[in-house]
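*Asks:* Take this structure first; my questions come after.
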Amino acid sequence: MLNKQIEVKNISVKYGNHIVLDRVSFEIIKGDYIGLVGANGSGKTSLVKAMLGLIQLESGSVIYQNPNIKKGYLPQIALTSDRLFPAEVKEIVGIGLLSKKKRPKIITKADKVKIDDILIRLNILDLKHKRIGDLSGGQQQRVLLARAMVNKPELLIMDEPTSALDPRVREDFYKLIQEINTTDGTTVILVSHDLGSVQKYARKMLVLDREVVFFDAVDKFATSLGHDHFHLEAANPHD
Amino acid sequence: MTNLFGIIGEMMQYGFMQRAIIVGVLIAICGSMLGIFLVLKKFSMIGDGLAHVSFATVAIALLLNTSPLFISIPVVITASLFILKLNEKANLHGDAAIGLVSSFSVALGILITSVSQGFNVDLFSFLFGSILVISQMDVILSLILAVIVVLTVILYYNDLFAITHDEAFASVMGINTKYMNALIATLTAITIVLGIRVVGTMLISSMIIFPTVTALQISKSFKSTIVLSTVISVTAVLIGVVGSYALNLPSGASIVMVNALLFVLAFGFKRIR
């Protein structure tokens, strides 16, 4: 029997009178790698925010089989990028260890080892003492991935993580996420405009247009919807 | 140097100067420790907005012939929370929310002042700061506030750091971001009310913004920015108050000028480094 991890049940989200998600339902199995795609305004970011409890639901529910599931979140880089922010990489990555800690939430020696471990794994240990604002877009993205990964999450949600990266770095990034998914068994939800990469690396695809248009294995996508939808997306990769 | 110590010794013989130094240093500590969270969250002008609310409450207090503190503290705290709510619920950016509350308060203060003539001199001391009006009660309240601010920053350091960097991620980490924002807004409100005695309504926001922005020029880490901005702010207050006494200048403006000078030095240091 498949191990159901999350059930998204009939959720709707409204901003004012504008419906951004309309009775969306699907289930996620432990270890899934889901590519979440859709046009601008299709509700992708709202869906992941709803799953993370960052916005209020108009109706429906998101049920985690384990309510204490460890979550990692990688937001769009533009939302966190501030060149003036005075923090070293190790401080930023340490934020990922704060959940479940008791006040005053001190970063312990064991935590510092965890920070070093994830920096080594993501091949950015040399950035440990660098100021975050001094890093390139690709380096910053790896640091934010380290922040999301440092607590060994069971669920990793990423919102257009590669939008600021050049093609070569983007490819490396996707390979890294695939490795995290297969080696650690981490469930991955990847919001992306990059349909080609989603088809290459994800195992399932969820196409959203305020409601679920398609949710199944990636290889069933082309046969089920035809190529029109694919071309529409691929023509505007950074919309 | 002997002359400087002579001036300080003479200055410290006066009770009002002792109170000015103590309150000034305590407000400098509070303003700079809270400043980093406000500046980096692009909420730094909240100090200015709340100072304008304070102006209105002082006008009301003088009209009612009561102590401004008892009206200012609850009203300014309410205004700070109202600004947060406007930002959150009314879909207004922080600067617009501050602008609304700020201009409304100044207008209210002006109307009250024009209707009830006779306390313009008192109001002037709140507008530009006057160390002569600092009371023993201000010293006690500033001390309590400074202890609360320092303890809050120590106990909630990592939560505050997390919400300042990325509020959404902090929320995913289980941090109550609304509570933390309300806590910072409340402490800022009290700091403003007590701080306008020293530097005045017009200049109090400088005690929140200047030290942090100066420290940001040279600090690499978050912790070092907090420590450095506190040192800068206390230094500016000490030099400003002593300088204003020695040269017979207004204390508030002198503190701000020292802060501006320190910023220029830090900026220059960053450029040549």
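Computed from the coordinates by the stated procedures, all read-outs in this text should not be read as laboratory data. It should be emphasised that the depicted structure is a prediction, and the values quoted were computed from it without experimental measurement. All Cβ positions, even for glycine, are placed from backbone atoms using ideal geometry, and neighbour counts span all protein chains on display.
*Asks:* Starting with the highest mean, order B:147-153, A:60-66, B:46-52 by the number of other Cβ atoms within 10 Å, averaged over the residues of each peptide.
*Replies:* Working: B:147-153: 16.6, A:60-66: 13.7, B:46-52: 27.4.
Ranking the peptides B:147-153, A:60-66, B:46-52 by packing returns B:46-52, B:147-153, A:60-66.
*Asks:* A further question on this structure: Once the piece of chain linking A:Ala39 and A:Arg121 is laid out straight, how much longer is it, given 0.36 nm per residue of separation minus the C-alpha distance between them? Don't skip to the end; give the middle numbers.
*Replies:* Values: separation 82, 0.36 × 82 = 29.52 nm, distance 3.36 nm.
This chain segment gains 26.2 nm when fully extended.
*Asks:* May I pose another question? Considering just Cα atoms, how many Å³ per residue does the convex hull of region B:17-88 enclose? Write out the running numbers ahead of the final one.
*Replies:* Working: hull volume 7.0 nm³, N = 72.
Output value, Cα hull per residue: 97 Å³.
*Asks:* If amide hydrogens are placed 1.01 Å from N in the peptide plane, which non-local residues have theirs closer than 5 Å to the one on A:Lys14?
*Replies:* Answer set, sorted by chain and number: A:Val20, A:Glu58.
*Asks:* Another question, if that's okay. For Cα pairs less than 8 Å apart in space and 6+ apart in sequence, what is the mean separation divided by the residue count of chain B, i.e. the relative contact order in percent?
*Replies:* Details: 381 pairs, mean separation 85.1, N = 273.
Result for chain B is 31 percent.
*Asks:* Once you average over the residues of B:172-179, how many Cβ atoms of partner chains fall within 10 Å of each Cβ? Walk me through the numbers on the way to the answer.
*Replies:* Details: counts 13, 13, 7, 4, 0, 1, 0, 0.
Across B:172-179, the average partner-chain Cβ count within 10 Å equals 5.
*Asks:* With +1 on each Lys and Arg Cβ and -1 on each Asp and Glu Cβ, and nothing else charged, work out how big the dipole of chain B is about its Cα centre, in Debye to the nearest 20.
*Replies:* Values: 12 positive and 9 negative charges, 108 e Å.
In total the dipole reaches around 520 debye.
*Asks:* Using a Förster distance of 45 Å, how high is the FRET efficiency between A:Asn3 and B:Phe104, based on the Cβ-Cβ distance and rounded to 0.05?
*Replies:* On the way: r = 57 Å, r/R0 = 1.26.
Rounded to the nearest 0.05, the efficiency is 0.20.
*Asks:* Among B:6-14, A:171-179, what's the highest-first ranking by average C-beta atoms within 10 angstrom per residue? Don't skip to the end; give the middle numbers.
*Replies:* Working: B:6-14: 12.6, A:171-179: 16.9.
With the highest mean Cβ count within 10 Å placed first, the list reads A:171-179, B:6-14.
*Asks:* Taking amide H positions as placed in the peptide plane 1.01 Å from N, state which residues far from A:Leu74 in sequence (5 or more) or on other chains have amide H under 5 Å from it.
*Replies:* A:Ile157, A:Met158, A:Asp159
*Asks:* Mind checking A:48-61 for the average number of partner chain beta-carbons within 10 Å of each residue's beta-carbon? Spell out each step's value before the answer.
*Replies:* Working: counts 0, 3, 0, 0, 4, 3, 6, 1, 0, 0, 0, 0, 0, 0.
Mean number of neighbouring Cβ atoms from other chains: 1.
*Asks:* Rounded to the nearest 20 debye, what is the charge dipole size of chain A about its Cα centre when +1 sits on each Lys and Arg Cβ and -1 on each Asp and Glu Cβ?
*Replies:* So the dipole magnitude of chain A works out to roughly 1240 debye.
*Asks:* Any idea what Rg and Dmax come out to for region B:69-165 if you just take the C-alpha atoms, in Å?
*Replies:* 17.3, 50
*Asks:* If you place +1 on the Cβ of every Lys and Arg and -1 on the Cβ of every Asp and Glu, how big does the dipole about the Cα centre of the protein assembly as shown come out, in debye to the nearest 20?
*Replies:* On the way: 46 positive and 38 negative charges, 231 e Å.
That gives a dipole near 1100 debye.
*Asks:* Sorted by packing (mean other beta-carbon atoms within 10 Å per residue), highest first, where do A:94-101, B:59-66, B:250-257 land? Write out the running numbers ahead of the final one.
*Replies:* On the way: A:94-101: 20.5, B:59-66: 16.4, B:250-257: 23.0.
Ranking, from highest mean packing down: B:250-257, A:94-101, B:59-66.
*Asks:* Starting from the Kirkwood radius over alpha-carbon pairs of region A:110-172, derive D by Stokes-Einstein at 20 °C in a medium of 1.002 mPa s and give it in µm² s⁻¹.
*Replies:* Working: Rh = 12.4 Å.
Taking Rh from Cα pairs, D becomes 173 µm²/s.
*Asks:* On average, how many beta carbons from a partner chain sit within 10 Å of the beta carbon of a residue in B:152-159? Provide the component values of the computation, followed by the final result.
*Replies:* Values: counts 0, 0, 1, 3, 3, 5, 11, 6.
Partner Cβ neighbours, averaged per residue: 4.
*Asks:* Using only helices, what value at 222 nm comes out for the protein assembly as shown when you add -39,500 (n - 2.57) per DSSP H run of length 4 or more and divide by the total residues, to the nearest 500 deg cm²/dmol?
*Replies:* Values: 21 runs with 304 residues, N = 512.
So the calculated ellipticity at 222 nm is -19500 deg cm²/dmol.
*Asks:* Right, another one. Using θ = phi - 60° and the Karplus curve 6.51 cos²θ - 1.76 cosθ + 1.60, what whole-Hz ³J(HN,Hα) does each residue of region A:142-157 get, with Gly and Pro shown as x?
*Replies:* 5, 5, 5, 5, 4, 4, 6, 9, 4, 9, 6, x, 8, 10, 10, 10
*Asks:* HN-Hα J couplings of region B:155-167 from phi, Karplus 6.51/-1.76/1.60, θ = phi - 60°, integer Hz, Gly and Pro as x?
*Replies:* My calculation for region B:155-167 gives 5, 9, 3, 5, 5, 5, 4, 5, 6, 6, 6, 7, 5 Hz in order.
*Asks:* Hey, another quick one. Expressed as a fraction of 2.2 N^0.38 Å, the rule-of-thumb size for a compact globular protein of N residues, what is the C-alpha radius of gyration of the protein assembly as shown?
*Replies:* On the way: Rg = 26.8 Å, N = 512, 2.2 N^0.38 = 23.5 Å.
For the protein assembly as shown, the normalised Cα radius of gyration is 1.14.
*Asks:* Next up: On C-alpha positions alone, give me the angle between the axis of helix A:167-184 and the longest principal axis of chain A, in degrees, nearest 10.
*Replies:* 90 degrees
*Asks:* In angstroms, what radius of gyration and Dmax does chain A have, counting Cα atoms only?
*Replies:* Just the Cα atoms of chain A yield Rg and Dmax of 17.9, 55 Å.
*Asks:* Need one number: nm distance between label points at B:Ser224 and A:Ser59, each 7 Å from Cα along Cα→Cβ, rounded to one decimal.
*Replies:* Placing both labels 7 Å along Cα→Cβ, they lie 5.6 nm apart.
*Asks:* Given C-alpha coordinates of chain B, what is the ratio Rg to Rh with the Kirkwood estimate of Rh?
*Replies:* My calculation of the ratio gives 0.98.
*Asks:* Moving on to the next point. Give me the number: length gained by fully extending B:Tyr14 to B:Lys89, i.e. 0.36 nm times residue separation minus the C-alpha to C-alpha distance, one decimal in nm.
*Replies:* On the way: separation 75, 0.36 × 75 = 27.00 nm, distance 4.95 nm.
Contour length minus the Cα-Cα distance gives 22.1 nm.
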